[in-house]
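Worksheet: one structure, shown below.
The values are calculated or read from the model by the stated rules, or taken from the named source; none is laboratory data. Note that the structure is a prediction, hence the values are computed from the model and not measured. Using ideal geometry, Cβ is built from the backbone for each residue, glycine included, and neighbour counts are taken over all protein chains shown.
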């Protein structure tokens, strides 16, 4: 199965997980770049506001065509109980090209249930696997076992 991991990461936490998945599945990976400045405290507040309002943003052009892959693994941080605007934009631009999907997210405390629901509604696909990780666990390298279980579930499908 040809697989692509796409992710957005403001703080490099979600990126760390995406890289772990890509290395273990030996698949392609693509970072979604938000062209809006989301750095610093003001950027953080604006990011949460945009996510809460379900706004899209301008993203860089993708190098990889999702229609060429059997499975797209979508990774996002949880902002205001939903996905980051860059992921919302990517999904809206590409959802008709997805065959199978899997979702993962990183969060400070809660919101993964609503995030997965929102991504599922947007993609109009039932995920073959989902995984949420707490930021503190990723920072302390305590995400490996859960990530491995997620990978195995994807491989089974």
Inset, instruction - Return yes when residue 135 is surrounded by 14 or more Cβ atoms within 10 Å (Cβ to Cβ), closer than 17 Å to residue 79 by Cα and touching a helix residue (DSSP H, G or I) at 6+ places or on another chain (Cβ under 7 Å) and no when it is not. - result: yes
Inset, instruction - Output the number of residues of region 65-98 satisfying the condition of being surrounded by 14 or more Cβ atoms within 10 Å (Cβ to Cβ) and over 13 Å from the mean Cα position of the chain (by Cα). - result: 9
Inset, instruction - Quickly run through region 34-51 and pick out the residues that are loosely packed, with under 13 Cβ neighbours inside 10 Å and in contact with a strand residue (DSSP E or B) (Cβ under 7 Å, 6 or more places away or on another chain). - result: 35
Inset, instruction - Answer yes or no: is there a residue in region 59-66 that is modelled with pLDDT of 95 or more and within 23 Å of residue 156 (Cβ to Cβ). - result: yes
Inset, instruction - Could you tell me which numbered condition residue 73 fails, if it satisfies all but one of (1) in a helix (DSSP H, G or I); (2) within 18 Å of residue 130 (Cα to Cα)? - result: (1)
Legend entry - Condition check for residue 62: assigned to a loop (DSSP other than H, G, I, E, B), over 14 Å from the mean Cα position of the chain (by Cα) and under 20 Å from residue 33 (Cβ atoms): yes
